[in-house]
Amino acid sequence: MRVIVTGGAGFIGSALVRYLVLEKGYDVLTIDALTYAGCRESLRAVEGRGNHRFLHADIRDAPAMAQAIDTFRPDRIMHLAAESHVDRSITGAADFIQTNIVGTFVLLEAARSYWNGLTPAAKAEFRFLHVSTDEVYGSLGDEGLFTETTPYDPSSPYSASKAASDHLAKAWERTYGLPVVVSNCSNNYGPYHFPEKLIPLTILNALDGRQLPVYGKGENVRDWLFVDDHARALDVIIERGRVGETYNVGGRNERRNIDVVRRICAVLDTLVPAETPREALIGFVTDRPGHDARYAIDATKLEDELGWRARETFDTGIEKTVQWYLDNAWWWRPLRDRYDGARLGLDAERSRVSA
Ligand code: NAD
């Protein structure tokens, strides 16, 4: 099995590459532009393996994508490369439009051209998996779950750009017959997560005795999935998912942000006791503009049709994650020096008007 993974130096992409190379034994070509979020060190476990190659390239570069695909001749393309941080999309949306929308278009076109040249048998086997987020569905109230038929209603520049790319991926299947499958997943956490996101930022700030910023009142609810569960789900979806379909991926682990932060404090207090409980470091900060109240995934289709189940609960996954950060300062220390946890994603104009 020959698989191209775009965004494979990122958080979820690197978990997927490690899984495909080390556990499945597939031949993998990672394509990544190594933006601020990309990290070659996340692929250290597969460096030097005969079944892994790395290509430093941008998905918006049409000749480079055509050459990479035509040369590697993949059976599958798993597309994860994206700008992924909501706060950054609020501060500046241009890269999100360019990479998430234009980049996906370029990749779909390169895949289509390659696919058109395959034998009928290879054409039938080929798959393109477009990896997306549950944020395309907008926000839920206290009740209900996102299903695959929930209408799209994105709130942020990030989720709007992902929604646009989902529509492109589906259109390339309906219009051109490219065998596309789409997955929409809830919030991930786990090892190798860039320290600007809530969970790693909280772990590292708590270790340093720094403030633990919680947006608004911390009541926003997210449905947390351990990243290795997501990697397995993506492999199952591209292997057995039906062409043209969407599969929602989620761990049935809803938590309020404030409870996530408190749980991390409790785990750290047990593993590395401090003089005062780390909960004292929690500070409530101005909410994110357009902050969706609640996300929760109904993963029944993936569970019943394809037989996937999340293995980690939030409690088991968060303990593994905290322990991983304690054991792997070599990975996060240089990133932490590059990014100091400064607040992003405040809309100055809007804050002034509403103040
Ligand atoms: P990430 O930001 O950690 O990694 C993104 C990777 O893409 C980085 O390695 C970066 O260098 C690369 N990249 C960015 N622009 C590129 C370009 N123009 N060309 C080539 N490479 C480029 O993101 P992540 O959290 O691993 O998310 C991966 C995918 O999963 C994204 O498509 C995201 O929308 C989706 N997703 C993420 C979550 C989550 O909780 N993190 C949940 C659901 C879906």
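Among the residues of segment 27-55, which ones are open to solvent by 40 Å² or more (accessible area, probe 1.4 Å), among the hydrophobic types (A, V, I, L, M, F, W, C) and part of a loop (DSSP other than H, G, I, E, B)?
Within segment 27-55, Leu34 is the sole residue that qualifies.
When segment 194-233 is examined, which residues are found to be more than 14 Å from the ligand (Cβ to nearest atom) and acidic (Asp, Glu)?
Matches in segment 194-233: Asp208, Glu219.
When both residues are 6+ apart or on different chains and their Cβ atoms are under 6 Å apart, which pairs have a first residue that lies in segment 77-93 and is buried (at least 24 other Cβ atoms within 10 Å of the Cβ), and a second that is among the basic types (Lys, Arg)?
Listed by first residue and then by second, the contacts come to nothing, as the list is empty.
Taking segment 56-71 on its own, how many of its residues are assigned to a helix (DSSP H, G or I) and either surrounded by fewer than 19 Cβ atoms within 10 Å (Cβ to Cβ) or among the β-branched types (Val, Ile, Thr) (or both)?
Of the residues in segment 56-71, 8 are assigned to a helix (DSSP H, G or I) and either surrounded by fewer than 19 Cβ atoms within 10 Å (Cβ to Cβ) or among the β-branched types (Val, Ile, Thr) (or both).
Does segment 145-159 contain at least one residue that is within 13 Å of the ligand (Cβ to nearest atom), under 25 Å from Arg2 (Cβ atoms) and assigned to a strand (DSSP E or B)?
no
Per-residue answers, yes or no, for (1) open to solvent by less than 10 Å² (accessible area, probe 1.4 Å); (2) under 14 Å from Val180 (Cα atoms); (3) away from the ligand (no atom under 16 Å from the Cβ):
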site	(1), (2), (3)
Ile97	no, no, no
Asn100	yes, no, no
Gly103	yes, no, no
Val106	no, no, no
Glu109	no, yes, no
Gly117	no, no, yes
Arg127	no, yes, yes
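Restricting attention to segment 9-26, and to residues there that are open to solvent by less than 10 Å² (accessible area, probe 1.4 Å) and closer than 13 Å to Leu234 by Cα, which single residue is farthest from the ligand (Cβ to nearest atom)?
Ranking the candidates gives Leu20 first.
State the number of residues belonging to segment 267-283 that are exposed (fewer than 13 other Cβ atoms within 10 Å of the Cβ) and hydrophobic (A, V, I, L, M, F, W, C).
Residues that pass the stated criteria total 3.
The values are calculated or read from the model by the stated rules, or taken from the named source; none is laboratory data. Here the structure is a predicted model, which is why all the values come from computation and not from measurement. Counting neighbours? That spans all protein chains shown, and the Cβs are built from the backbone with ideal geometry, glycine included. Surface areas here come from the heavy atoms of the whole protein model, side chains and all, with no ligands, DNA or RNA. Shrake-Rupley method; radii C 1.70, N 1.55, O 1.52, S 1.80 Å.
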